[in-house]
Amino acid sequence: MTRTMEHLEKLVGFDTVSHRSNLRVIDYIEGVLQTLGLRTTRLPDASGQKAGLYAETGPGDGGILLSGHTDVVPVEGQNWTRDPFRLTPEGDRLYGRGTTDMKGYLACMLTAAERAAGQNLREPLKLVFSHDEEIGCVGIQQMADTLAPLLGQPRACIVGEPTQMQIATGHKGKAAWRATCHGQAGHSALAPGFVNALHLAGDFMAELRDLQAWLERTGARDPGYDIPYSTVHVGQLSGGLAVNMVPDRAEMRFELRHLAADPADEMAQRIAEAAERVADPYKGTFPEARIELDQTTAYPGLDVAEDAAVTQLARGFAQTELTKVAFGTEAGVFDRMGIPTIVCGPGNMAGQGHKADEYITTAQLDACDRMMARIVGKISN
């Protein structure tokens, strides 16, 4: 594991919080892979401050694709007792932002590339490094059109989000919205004569809670998840300037996390109809009363059969049990591109993901390195 830990130390040292550039870490990864002789293609975003990277080694099409994201969540407001952007080994734990989510897997990817570069491969090893996953799988969706012809048709894709090295065959899809509620400004002494934007927001929130209750009662169910049904969650609400003023604008942010059997388009239509129901009674006195819905992010879910070829192939690589995960990943994007995909990576998301003093254990990294060795062995002569 020496090389993996060396790579992890370098990777953690780059502050790649999503609102910052990731170009320095891409420079490092690209430099390592080009030195090994891998063919690389950089995929910059429109701003020029972010980039993804594709790399491959070996002949022909097919092969195995490994994928991970380079960005991490912020550390501000968290009570870190160690430098988050410096790898700190203590016993069997390696502390630092991104060690679990998911630079530990990226380090294992680089070690796998080093191993593959020294082998006579009969199938290619393909690597994807993305950006802006933490803000809604944005980067990989921006990369997809350019990436598709480069990828060809791998036999399998393994997205290395932390699953404690179990093989995740499913996760829910997600869509998030901003709802802007428009009412009338006025003096609070005359409040009943105006349309209060916060009241619109409150009525709309009640509709969303009703939708959640409906999904729990009659929506699709999958016992593989801790919460076995689709969920609607309101995370932010703001509006108003002062207590003695009727607010003419309020903003709410909410999300839907849906099972594959609850199509996102159908759920979006129900939400749009709810917004209309709320606004309609107010239009008699204020025709401009309305709720505007803007979808801010969305990504597809993943639902792979236990007997699928990719699942069985992954069982041979990871040699662990099957699971499903509550959090979203980029796997649904690869699956939608027609690439058989599962999720399997080192670390404990529930225990360490997005938390202060994030760490990964050396045992988890070792297990991932052993999986990578089996992958390289599978595609070697």
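Looking at the square roots a ≥ b ≥ c of the eigenvalues of the Cα gyration tensor of region 1-101, which shape do they give, rounded for a/c under 1.5, prolate if a/b is larger than b/c, or oblate?
oblate
Quick one: grab the alpha carbon gyration tensor of region 151-288, order the square roots of its eigenvalues as a ≥ b ≥ c, and give me rounded if a/c is under 1.5, else prolate or oblate depending on whether a/b is larger than b/c.
prolate
With the cut-off at 1.5 for a/c, could you classify region 282-337 from its C-alpha gyration tensor as rounded, prolate or oblate?
Judged from the Cα gyration tensor, region 282-337 comes out prolate (a/c at least 1.5, a/b above b/c).
Modelling each spin label as a point 7 Å along the Cα-to-Cβ direction, I'd like the residue 218/residue 188 distance in nm, to one decimal.
Once both label points are built, they end up 4.1 nm from each other.
Among DSSP bridges having both ends in the chain, what percentage is antiparallel? Round to the nearest 5.
Looking only at bridges with both residues in the chain, the antiparallel portion is about 75 percent.
Would you kindly enumerate the cysteines in the chain that have no other Cys beta-carbon under 4.7 Å from their beta-carbon?
When partners are defined as cysteine Cβ atoms under 4.7 Å apart, the chain leaves 137, 157, 181, 344 without one.
Filter the DSSP H helices in the chain by two things, a Kyte-Doolittle mean of at least -1.0 and an axial alpha-carbon span of 27 angstrom or more, and list the hits by number.
Qualifying helices, which must be both long enough and hydrophobic enough, are 197-218.
Sketch the reach of a paramagnetic label on residue 241 as a point 7 Å from Cα along Cα-to-Cβ, and name the residues of region 191-221 whose backbone nitrogen lies under 17 Å away.
191, 194-198
How much of the accessible area of region 254-296, in percent, comes from carbon and sulfur atoms when a 1.4 Å probe is used?
With neighbouring chains kept in place, the figure for region 254-296 is 47 percent.
Output ³J(HN,Hα) for region 338-343: one whole-Hz value per residue in order, computed from phi by the Karplus curve 6.51 cos²θ - 1.76 cosθ + 1.60 with θ = phi - 60°, and x for Gly and Pro.
Karplus-based 3J(HN,Hα) across region 338-343 equals x, 9, x, 9, 10, 10 Hz.
Rank 73, 128, 243 by mean-square fluctuation in a GNM of the chain with C-alpha springs under 10 angstrom and give only the top-ranked residue.
243
What does the accessible area of residue 95 come to, in Å² to the nearest 10, when a probe of 1.4 Å is used?
Solvent-accessible area, nearest 10 Å²: 20 Å².
Between residue 234 and residue 135, with labels modelled 7 Å along Cα→Cβ, what's the label distance in nm to one decimal, could you check?
2.6 nm
Which loop GluC sites (Glu not before Pro) in region 292-330, with loop taken from DSSP, have no more than 11 other Cβ atoms within 10 angstrom of their Cβ?
Here the sparse-neighbourhood loop sites are 321.
Compare 337, 245 by solvent-accessible area with a 1.4 Å probe and give them largest first, with all protein chains kept in place.
The ordering from most to least exposed comes out as 245, 337.
Excluding residues on the same chain fewer than 8 positions from residue 103, give the lysines whose Cα lies under 25 Å from its Cα.
The qualifying lysines are 10, 50, 126, 172, 174, 324, 355, 378.
The values are calculated or read from the model by the stated rules, or taken from the named source; none is laboratory data. In this text, all values refer to a predicted model and were calculated from it rather than measured experimentally. Here Cβ is always computed from backbone atoms with ideal geometry, including for glycine, and neighbour counts include all displayed protein chains. Just so you know, the surface numbers come from the protein's heavy atoms only, side chains and all, with ligands and any DNA or RNA stripped out. Shrake-Rupley method; radii C 1.70, N 1.55, O 1.52, S 1.80 Å.
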